[in-house]
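Trainee: My structure is below; once you've seen it, I'll send some questions.
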Amino acid sequence: DTSGRDIRLGRMIGKGGEGVVYDIVSLDKFVAKIYHKPLSVDRATKIQIMSSYSNDAVKQVSAWPFGLLLSKLDRSPIGLLMPKIADAKDIHKLYSPKSRLMDFKRADWRFLVRACANTARAFGAIHNTGCIIGDINERSVLVSNDATVRLIDCDSFQVVSQSKRYLCEVGVETFTPP
């Protein structure tokens, strides 16, 4: 990482268009996202800026990046560290009646309203930092069995710092405005 600590990757826990997420051998509560392509200077700067925006509200509702991972060979940025989100499922498993019966067996109307309100609070906490959630999709919001909500893929959010805008570079077509 940026402080020179060796970060040993464990098993792969997820894969997406931008990179792969791994458990970290010595840190149970954190995961590493390693990008498929090397990070540009702007992307690395954006992650560093985001880690400085971290606060208790953001930590409570998201897998907010808290530092860069660097290549051991040349110290170039190759990924990021973020909190591990456990015991939560993609929100589409809650809003789809068929999968809700399997994945959220105790979800009644009150649970759905609570999860919806928690989703709005999570978005509000992120927007209060000045960031914009540009990549909204059915896999970027996770819901736990107590209706708490956590946002993931935060590294794609739009960030502004000193009048420079670091845009959201990814998106899902069905969730992107024309």
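Trainee: Under the rule of at least 5 residues apart or a separate chain, name every residue whose amide H is placed under 5 Å from the amide H of L69.
Mentor: For L69, the qualifying residues are I78, G79, L80, L81.
Trainee: Hey, another quick one. State the extension gain, in nm to one decimal, for the chain segment bounded by N145 and R121, taking 0.36 nm per residue of separation less the distance between their alpha-carbons. It would help to have the intermediate numbers written out before the result.
Mentor: Working: separation 24, 0.36 × 24 = 8.64 nm, distance 1.73 nm.
Working it through step by step, the gained length comes to 6.9 nm.
Trainee: What accessible area, in Å² to the nearest ten, does a 1.4 Å probe give for S62?
Mentor: 0 Å²
Trainee: I've got another one for you. Using a 1.4 angstrom probe on the protein heavy atoms only, line up T119, T174 by accessible area, largest first. Intermediate values should be presented prior to the final figure.
Mentor: Details: T119 25, T174 120 Å².
Correct descending sequence by accessible area is T174, T119.
Trainee: I've got another one for you. Local charge sum around F111 (other residues, Cβ-Cβ under 14 Å, Lys/Arg +1, Asp/Glu -1)?
Mentor: Working: positive: K89, K93, R100, K105, R106, R110, R114; negative: D103, D108, D146.
Cβ neighbours under 14 Å give a net charge of +4.
Trainee: Mind checking the angle between helix 109-127 and the chain's longest principal axis? C-alpha axes, 0 to 90 degrees, to the nearest 10.
Mentor: For helix 109-127, the angle is close to 30 degrees.
Trainee: Something else about it: Per residue, how much accessible area does the chain have with a 1.4 Å probe, in Å²? Write down the numbers at each step before the final one.
Mentor: On the way: 10670 Å² over 178 residues.
Computed with neighbouring chains in place, this is 60 Å² per residue.
Trainee: Computing the accessible area with a 1.4 Å probe over protein heavy atoms, can you report the carbon and sulfur percentage for the chain?
Mentor: Numbers: 5790 of 10670 Å².
Reported share for carbon and sulfur atoms: 54 percent.
Trainee: Additional query: Suppose a student asked you for the relative contact order of segment 59-100, using Cα pairs under 8 Å spaced at least 6 residues apart; what percent would you report? Walk me through the intermediate numbers first.
Mentor: Details: 35 pairs, mean separation 12.5, N = 42.
Computed over segment 59-100, the figure is 30 percent.
Trainee: Let me check something: with ligands and nucleic acids excluded, how do K15, K59 order by accessible area (1.4 Å probe), largest to smallest?
Mentor: Numbers: K15 150, K59 115 Å².
If we order K15, K59 from most to least accessible, we get K15, K59.
Trainee: Sticking with this one: Kindly state, to the nearest 0.05, the FRET efficiency for R75 paired with S163, given R0 = 41 Å and r defined as their beta-carbon distance. Mind showing how you got there, number by number?
Mentor: Working: r = 29 Å, r/R0 = 0.70.
Working from the Cβ atoms, E equals 0.90.
Trainee: Using 0.36 nm per residue, how much length does the chain from T174 to D103 gain when fully extended, once their Cα-Cα distance is taken away? Write down the numbers at each step before the final one.
Mentor: Details: separation 71, 0.36 × 71 = 25.56 nm, distance 2.39 nm.
My answer for the length gained is 23.2 nm.
The values are calculated or read from the model by the stated rules, or taken from the named source; none is laboratory data. Note that the structure is a prediction, hence the values are computed from the model and not measured. Cβ sites come from the backbone with ideal geometry, for glycine too, and all protein chains shown count toward neighbours. Protein only, heavy atoms only, side chains kept; ligands, DNA and RNA dropped before computing areas. Shrake-Rupley method; radii C 1.70, N 1.55, O 1.52, S 1.80 Å.
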